[in-house]
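Below is one structure, written out as structure tokens; comments come after it.
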Amino acid sequence: MTRRGWLLFALMSVIWGIPYLLIKVAVEGGVPVPVLVFVRTAVGAAVLLPLAVRGARGLRGLHRHRRPLAAFAALEIIVPWWLLTDAERQISSSMTGLLIAASPIIAVLAGRLAGDVERLGGRRWAGLGVGLAGVAVLAAPGLRGGDVRSIVEVLLAALCYGIAPLILARRLADVPVLPLTAVCLGGAALVYATPAVLTWPATLPTGRVLAALAGLAVVCTAAAFVIFAALIREVGVTRALVFTYVNPAVAVIAGVLLLDEPLTVPVVAAFTLILGGSVLATRRDATTPHTATPSAPDTGPTAARPSPGPAAAPTPPRPAAATTTATATATATSTSARTRTRTRTRTNRSTPPDR
């Protein structure tokens, strides 16, 4: 990997590992949940929409996907961002980050329930069990301590993140990542506009809180996707997705160092179990062929794989409060496929590819 590749990799490891920290700072500073989510989505959309419009395809053709786009926006942004923000009023940012890291495990189970006929080998079943054990280790003390609602909210957000890739891979595989993200953020901003106005703070938050809001919107949402696209171009899809295994560790370290959150034995044990279980549960067995889900339409070389994970790499843990890896994983796979399709087309026409 080049120096530029390593730099982009390091940036994404941090950028999609710190949203929980910034959410915690904002909610402890008195920012209402609707206001926080509105600011994130509105600013993110304002940054990304001009870039999407100036792209090769712009926003053309998105109206044909309005129903799956609405469903994906609900499961990827509108519902989970509210749940995560509300949960962090009671539980630590590091616990939130670790619980969300179980999303790939939920994605595997959701794929099975949705009709994915791919056979799960013993290693993947073991991964499911190990990951769920990690969730139990992490959640049990909080459930006994009265944080039931907050923990359930985070697990529901993880469930949303586990289902969203199914919609993306089966119904939105041919939609480029930048227009998709921009439109989803814009739609979410419209949904939260009225609640945000009704709950807008009477006084201006502190500079620390305003900096956290700006970081969430500009860095963790808008800039993250620009950097992620550059990382894919630099190192390819498979390597680009590896950074998301680092995000939970960044979330824990940031909470411990910057917010004085406790680093306990259950947290370390849960981190090990959840991360290890996610790797095992989402890695395909070499001897197990993949069988496409019958209900998934075959749209040619650009179609994304109907199961939650990418074709070339295991589905990594979700980078949580960012507009997530559901978008990153499936769209990165479809982007790579479209690139191969364009290359074959140029070759067939005896025209040298663009440089």
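Just subtract the alpha-carbon distance of Thr272 and Arg66 from 0.36 nm times their residue separation and send over the number in nm, one decimal. Don't jump to the answer; show the numbers that get you there.
On the way: separation 206, 0.36 × 206 = 74.16 nm, distance 3.96 nm.
That works out to 70.2 nm of additional length.
Over the range 83-213, calculate the relative contact order: mean separation of alpha carbon pairs under 8 Å at least 6 apart, over the residue count, as a percent.
On the way: 66 pairs, mean separation 50.6, N = 131.
Dividing the mean separation by the residue count of the range 83-213 yields 39 percent.
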Exercise. For the range 178-274, max minus min Cα coordinate along each principal axis, in Å, sorted largest first?
Worked result: 42, 38, 23
Problem set entry | Extension gain (nm, one decimal) between Leu190 and Arg233, 0.36 nm per residue minus Cα-Cα | 12.3 nm
Exercise. Taking the highest mean first, how do the peptides 204-215, 14-25 order by number of other beta carbon atoms within 10 angstrom per residue?
Worked result: 14-25, 204-215
For this session: With r as the distance between the Cβ atoms of Thr264 and Arg89 and R0 = 25 Å, compute the FRET efficiency 1/(1 + (r/R0)^6) and round to 0.05.
Result: 0.75
Problem set entry | Percent breakdown of C-alpha pair distances by 10 Å bin, ordered from the shortest bin, for the range 128-224 | 11, 25, 34, 26, 3
Seminar exercise, completed: With a ≥ b ≥ c from the Cα gyration tensor eigenvalues, square-rooted, and the rule rounded for a/c under 1.5, otherwise prolate when a/b > b/c and oblate otherwise, the range 11-166 is oblate
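Figure the gain on full extension for Ala46 and Ala10 (residue separation times 0.36 nm, minus the Cα-Cα span) and round it to one decimal in nm.
Details: separation 36, 0.36 × 36 = 12.96 nm, distance 2.56 nm.
Once the chain is fully extended between Ala46 and Ala10, it gains 10.4 nm.
Since every read-out is calculated from the coordinates, none of them should be taken as a lab result. Note that the structure is a prediction, hence the values are computed from the model and not measured. With ideal geometry, Cβ positions are generated from the backbone for all residues, glycine too; neighbour counts draw on all protein chains shown.
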